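Notes follow the structure.
Values quoted throughout were computed directly from the atomic coordinates according to the rules given, and no laboratory measurement underlies them. All of these numbers come straight from a predicted model, not from anything done at the bench. Cβ sites come from the backbone with ideal geometry, for glycine too, and all protein chains shown count toward neighbours.
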Amino acid sequence: MNILVVYGTTEGQTRKIARFIENILTSGGNKVTIADACDEPPSPKDYDAVLIGASIHMHNYQSSVKHYITRHITELNKMPGAFFSVCLAVASDLEDEHKEARKITHDFLEQTGWKPLMTTQIAGALKYTQYDFFKRLIMKMISKKEGRTTDTSKDYEYTDWDAVKKFINEFTDKIAKT
Ligand SMILES: Cc1cc2nc3c(=O)[nH]c(=O)nc-3n(C[C@H](O)[C@H](O)[C@H](O)COP(=O)(O)O)c2cc1C
């Protein structure tokens, strides 16, 4: 299959996840094009399937991803697609945090009108050493509230790579059956 992967990222974790997805798909014999939503990705119309990912910052996804989806909504709704959402809420022990993340995804898809075959929530990363002073302060405060680490001397990755692999395999199996 010829598959397009489009992603939005602010600190780089969603790009890392998108590249991991690219590797899984390529190893499975697919041809993959990967693009940052900021870099004018190709239209999905020449592909057999599309995966789109974005990360949550202050309860919102990257506007570049929203623009890409709305610009290509007609083609996207005619083809198999999956949306992967990256955030820290899903790394929390609090069920309300998970609910909130699912609601952000649900509202985003409703606003754009895109109806992907599958969606998933992927835990991202806390990159204290890469944040500027204010971002570090905000993230430290949020982390304290949510019981995450406040040691800002290191970065922390919460991504469950096996779960990402499982999701991609389920998606490709589903397309193969349709
Ligand atoms: C300033 C800032 C705001 C964030 N806001 C949220 C949020 O509202 N909800 C959430 O679950 N995660 C939030 N996060 C966590 C990010 O979603 C997480 O760090 C993710 O890995 C970022 O992905 P990216 O590197 O691809 O941008 C925030 C992170 C930062 C730095």
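Quick notes
- Rounded tilt (10° steps) of 13-27 against the dominant C-alpha axis of the chain: 40 degrees
- Along principal axes, Cα extents of the range 40-178, largest first, whole Å: 47, 28, 25
- Between the residues I104, L51, P80, the greatest Cα displacement towards the positive end of the dipole of the range 1-119, with unit charges on the Cβ of Lys, Arg, Asp and Glu, is found for P80.
- In this simple spin-label approximation, K174 and Q111 carry label points 7 Å from Cα along the Cα→Cβ vector, and these lie 2.3 nm apart.
- Check: the range 83-145 dipole with +1 on Lys, Arg Cβ and -1 on Asp, Glu Cβ, in debye: 280 debye
- Taking the longest Cα principal axis of the chain as reference, the axis of helix 133-145 is set at about 80 degrees.
- Relative contact order for the chain, counting Cα pairs under 8 Å that sit 6 or more residues apart, in percent: 20 percent
- The distance from the alpha carbon centre of the range 2-80 to that of the range 100-158 is 18 Å, rounded to a whole number.
- Estimated from the Cβ-Cβ distance and a Förster radius of 30 angstrom, the FRET efficiency linking L137 and E97 is about 0.90.
- Charge dipole (Cα centre; +1 on Lys/Arg Cβ, -1 on Asp/Glu Cβ; no other charges) of the range 19-161 amounts to roughly 200 debye.
- Residues of the range 1-30 with an amide N closer than 20 Å to a point placed 7 Å from the Cα of D46 along the Cα-to-Cβ direction: 1-7, 22, 26, 30.
- When both bridge partners sit in the range 29-172, DSSP labels roughly 20% of those beta bridges antiparallel.
- Per-residue packing, averaged as other Cβ atoms within 10 Å, sorts the ranges 161-169, 143-151 into the order 161-169, 143-151, beginning with the highest.
- Compared with the direct C-alpha span, the chain from H57 to D162 gains 35.4 nm at full extension, assuming 0.36 nm per residue.
- Debye equation applied to the C-alpha atoms of the range 1-122, log10 I(q)/I(0) at 0.09, 0.11, 0.16, 0.23 Å⁻¹: -0.22, -0.33, -0.71, -1.43
- Trypsin sites (Lys or Arg not before Pro) within the range 66-143: DSSP coil, no more than 10 neighbouring Cβ in 10 Å: K78
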